[in-house]
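Report on one structure; see the data block that follows.
The values are calculated or read from the model by the stated rules, or taken from the named source; none is laboratory data. Keep in mind that what you see is a predicted model, and the values were worked out from it rather than measured. As a convention, Cβ positions derive from the backbone with ideal geometry for all residues, glycine included, and neighbour counts pool all protein chains shown. Note: areas computed on protein heavy atoms with side chains; ligands, DNA, RNA excluded. Shrake-Rupley method; radii C 1.70, N 1.55, O 1.52, S 1.80 Å.
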Amino acid sequence: MNSRQPTRLEAGAANAIGRTLGLLGDEWTLLFVQQAMLGVTRYGRFRAALPVSDAVLTARLGTLTAEGLLERNVHRTGPLRAEYLLTSRGRSLWPVLLTIWAWERRWVTARVPALPRMVHTACSRPFAPLLSCGACTRPVAARDIDAAWGPSGTWERSVPVASTRRRPERGRAPGRAGLFPETMAVLGNRWSSALIGAVFRGVTRFADFERTLGSPPALLADRLKTFVSLGVLATARAEGRPDRAEYRLTDKGRAFFPVVATALAWAHTWFLAPDGPALVQTHRACAAAFVPDLRCDRCTDVVHRRTIQIAPSIDAI
Ligand SMILES: [Zn+2]
Ligand SMILES: [Zn+2]
């Protein structure tokens, strides 16, 4: 596949959201991309950085290469050596990783050790990204955006598709690799990622989740329970009757919106359905189509991949 060009989706097939959730809803994808962004290119370095078996590592590198996030280069001079390099498609996931980092740093306070700070090199200060509107530059939260299905947008076509058929990897829990444990619980499997999408589309009731996502009730109850225990959702009404309860985003849950917004932007950049986008978003305040920017909360400039650095240590700032 050509990883530099957007993928043209088949008519009537899974849309950009379904394809993206299928990819990001696999707990390994973001971990591999993160390692690649930190400069890991070789098999042995991936093996050392992630708690994976050889079989899983080989399969994952194959999938990410097939999906166009990594590119395999073989050096033909000297000993045969392959390296896996991020493509522009893979690299352009950086806003998703940055907003995940910011959310974990702000809301997952129990983690030890704490996540390092990020520095905006343009102003030399530790910063957090502010989700803002690309048209009017104002900061935005989920409530500021009107979202409607686009021409390729239906629940059926937005349900995550697995990029590969795979055997369950028993005993393997990358969420515990110490990177982004709570994000992995929210986003790192297909039903959870579909559920968080439905929550941000305003679905609140058990029966409506079941109907819109087509998920098995026991699985859905389990995922909702996890979201409540993480403090991402809170239940209202009908205590002890999950089928009657309403689930609402907490402050912590609402704060996850920049991850959803940047993932959606990535989805619509790289997956084009012939009938048009899956979701049409409008920034209510300026009436422009919502294109997310990330701005530095200190100097308010737009941040770019090359103007972000991991702070050398927490004490150094
Ligand atoms: Zn705006
Ligand atoms: Zn700045």
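Given the criteria away from ligand 2 (no atom under 16 Å from the Cβ), without any contact (Cβ under 8 Å) to a residue 40 or more places away in the chain and open to solvent by less than 10 Å² (accessible area, probe 1.4 Å), does LEU57 qualify?
In short, yes.
Can you go through VAL96, VAL161, VAL140 and tell me which one is more than 16 Å from ligand 2 (Cβ to nearest atom), among the hydrophobic types (A, V, I, L, M, F, W, C) and open to solvent by 30 Å² or more (accessible area, probe 1.4 Å)?
Numbers: VAL96 fails: open to solvent by 30 Å² or more (accessible area, probe 1.4 Å); VAL140 fails: open to solvent by 30 Å² or more (accessible area, probe 1.4 Å).
Among VAL96, VAL161, VAL140, only VAL161 is more than 16 Å from ligand 2 (Cβ to nearest atom), among the hydrophobic types (A, V, I, L, M, F, W, C) and open to solvent by 30 Å² or more (accessible area, probe 1.4 Å).
Pick from VAL140, VAL159: which is closer than 25 Å to MET184 by Cβ and either in contact (Cβ under 8 Å) with a residue 40 or more places away in the chain or not charged (D, E, K, R) (or both)?
Working: VAL140 fails: closer than 25 Å to MET184 by Cβ.
Going through VAL140, VAL159 in turn, just one is closer than 25 Å to MET184 by Cβ and either in contact (Cβ under 8 Å) with a residue 40 or more places away in the chain or not charged (D, E, K, R) (or both): VAL159.
When region 289-298 is examined, which residues are found to be touching a strand residue (DSSP E or B) at 6+ places or on another chain (Cβ under 7 Å) and open to solvent by 20 Å² or more (accessible area, probe 1.4 Å)? Please lay out each step first, then the result.
Applying the first criterion (touching a strand residue (DSSP E or B) at 6+ places or on another chain (Cβ under 7 Å)) to region 289-298 yields 289-290, 292-298.
Passing the criteria: ALA289, PRO292, ASP293, ARG295, ASP297, ARG298.
For region 193-310, please list each of the strands (runs of 3 or more DSSP E) lying entirely inside it that holds at least 2 residues being touching a residue at least 40 places away in the same chain (Cβ under 8 Å).
Ranges flagged: 246-249, 279-283, 292-296, 308-310.
Quick test for you: out of ASP251, ASP293, pick the one residue that is within 16 Å of ligand 1 (Cβ to nearest atom) and of a type in the set (Asp, Glu). Give the derivation first.
Numbers: ASP251 fails: within 16 Å of ligand 1 (Cβ to nearest atom).
After applying the criteria, what remains is ASP293.
Could you please let me know if ALA102 is within 20 Å of the chain's Cα centre (by Cα) and of a type in the set (A, V, I, L, M)? Steps first, answer last, please.
Numbers: within 20 Å of the chain's Cα centre (by Cα): yes; of a type in the set (A, V, I, L, M): yes.
When the stated conditions are applied, ALA102 passes them.
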